[in-house]
1. For region 350-380, give me each residue that is open to solvent by less than 10 Å² (accessible area, probe 1.4 Å) and not hydrophobic (A, V, I, L, M, F, W, C).
2. Suppose we filter region 231-274 for residues that are out of contact with any Pro (no Cβ under 6 Å at 6 or more places or on another chain), touching a residue at least 40 places away in the same chain (Cβ under 8 Å) and either in a loop (DSSP other than H, G, I, E, B) or among the charged types (D, E, K, R) (or both); how many remain?
3. For region 1-45, what are the residues that are in contact (Cβ under 8 Å) with a residue 24 or more places away in the chain, hydrophobic (A, V, I, L, M, F, W, C) and either touching a strand residue (DSSP E or B) at 6+ places or on another chain (Cβ under 6 Å) or open to solvent by less than 70 Å² (accessible area, probe 1.4 Å) (or both)?
4. Counting just the residues of region 152-183 that are more than 21 Å from T14 (Cα to Cα) and hydrophobic (A, V, I, L, M, F, W, C), which one comes out most open to solvent (accessible area, probe 1.4 Å)?
5. Does A324 meet the test of being touching an Asp or Glu at 6+ places or on another chain (Cβ under 9 Å), within 18 Å of A422 (Cβ to Cβ), among the small types (G, A, S) and open to solvent by less than 40 Å² (accessible area, probe 1.4 Å)?
6. Could you list all residues from region 133-163 that are outside any strand (DSSP E or B) and either at pLDDT below 95 or within 22 Å of the chain's Cα centre (by Cα) (or both)?
7. Strands (runs of 3 or more DSSP E) wholly in region 49-120 with at least 3 residues that are under 24 Å from P290 (Cβ atoms), of a type in the set (A, V, I, L, M, F, W, C) and open to solvent by 20 Å² or more (accessible area, probe 1.4 Å) - which ones?
8. Failed condition for W334, given (1) in a strand (DSSP E or B); (2) free of Cβ contacts under 8 Å to residues at least 12 places away in the same chain, with all others met?
Amino acid sequence: MDLDSGAGLLHRLTSYVPNREWDVGVDDPRIRRDLVPNDPETLPPPMKGYPDGLAVLALPRDLPDPGVPATAVLAGMPAATQPLDAAQLGRVLFLGAGVVRTGQRNGRRFLYRASGSAGARFPLEVYASTRGVAGVPDGVYWYDGAQHALVQVAPAATGSVTTLVVTGVPWRTGWRYAERGWRHLYWDAGTLLSQLSAAAASAGLSPRLRSLFPDALVRRLVGADGVHEYPLALLSLGDGEPAIGPSGPAAAGELPPVELPLCTAAQRAGERDDLGAPWPEAPTLPDFPPSDSLDEVVRRRGSQRRMDRSRTLPRPLLEWSMAAALRGVQVPHWVAVHGVDDVAPGLYRWPDLSVPLRAGDLRDELLRICLDQSLAGDAAYVVIAATPLATLDDRTYRDAQLAAGLVEGRLHLAAYALGAGASGMTFIDSQVPSLLSEPDDLATLLFTCVGVPEYASRSGGGPGAPVEVRPVMPRIGQS
């Protein structure tokens, strides 16, 4: 990977190092210095806006729960095929991008989606290019997660299979994390796709994930301009040709006209013209523990802000959750164990939990590497995704970040299905290679903390009826 251009340059310039605050950018002319992080005056809206006059289709609010245990879905067990109609499509969309909670903080109203997002920014949009969905005319639609409705933005696309398009809005996360927010686009997209895929799989809809696609074509399909919004991934519901061929212009919608040129360049460097094969189907796990249905677990899931470091988790929860989360994912992962029954504290390279790479209590070191955020020390274990930069190019760097987010999303679902809690975590890039005893040429992707919740999240509401919650503030420093 070229560290002087494209995604490599973005990775280098947005890597955290000691002695520089996370919200202070590196002194480089390619980093915007005129934007103040977390400035209330420049806060972007939580979702796109569209002008009046577009056709709006309200989706059924009574969601058809297939009743499949969340753990069965994560294990890859086949499920009975449900009819793909407006209600089932709405269910899939809602369990990924629906607004399930709302809250007030510093005078601002937050919309909390069904899937997790760093800083509750949810820098994503979801479109459905439909083919043969009962009750939904063929067309290209933007999903309104607050109203649980489809807004038609373009005529029906060519292709045979209904396909969801996940796009990223860089300023929505850049407002808080500056140019490093480009990484968050892919982390959050992976988390979202873990739930969209699980919802589709639980209804027997055979979800097929693609991260290689013709960028320019898909931009035209959904009306993304490639600067303020760009496509990140496709999820087709079934085998066949994805419905991504534009047959007419798409309404662009409204987004704040703020560009982060470094992010634009990183995205463009990875653009391709071909449609790749779906990610391979992963082998099914031989068994799975009992759990509530996927739909119940998704509504129960919330980003855990505080964990109880005095309590431990059983070893089978760690082993099964990791096996389920990494099904079909080749990105290397490590596990820092703080409090897991029958596993000595230390650092392990998954899947080997027999002998630690480093033995002993790593809580203080993890706390320091994770910018003094207490979850890194309070969790029962911390999962670390990283891969050598030399193995990546401008496109596969995206894939690696997306895969790390997918694993994080699955770890969230597994944790909440089995009585634990989970939360993603950022880190000081330069200190991770020494933690893992790896060469400096290492792209650290994402940390996920899993542990015993200090409080129970209030279950999310249904479509169009989010519950009001009081945000819990995370602890900083040792608890």
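The values are calculated or read from the model by the stated rules, or taken from the named source; none is laboratory data. A quick note: this is a predicted structure, and the numbers were derived from the prediction, not measured. Note: ideal-geometry Cβ built from the backbone for every residue, glycine included; neighbour counts use all protein chains shown. Each accessible area value is taken on the protein alone, full model and side chains, heavy atoms only, with ligands, DNA and RNA left out. Shrake-Rupley method; radii C 1.70, N 1.55, O 1.52, S 1.80 Å.
1. Passing the criteria: S374, G377, D378.
2. Selection size over region 231-274: 20.
3. M1, L3, A7, L9, L10, L13, V17, I31, L35, L43 - these are the residues of region 1-45 that are in contact (Cβ under 8 Å) with a residue 24 or more places away in the chain, hydrophobic (A, V, I, L, M, F, W, C) and either touching a strand residue (DSSP E or B) at 6+ places or on another chain (Cβ under 6 Å) or open to solvent by less than 70 Å² (accessible area, probe 1.4 Å) (or both).
4. A156
5. Here the answer is no, as A324 does not meet what is asked.
6. Across region 133-163, the qualifying residues are G145, A146, Q147, H148, T162.
7. Qualifying strands (runs of 3 or more DSSP E): none found.
8. (2)
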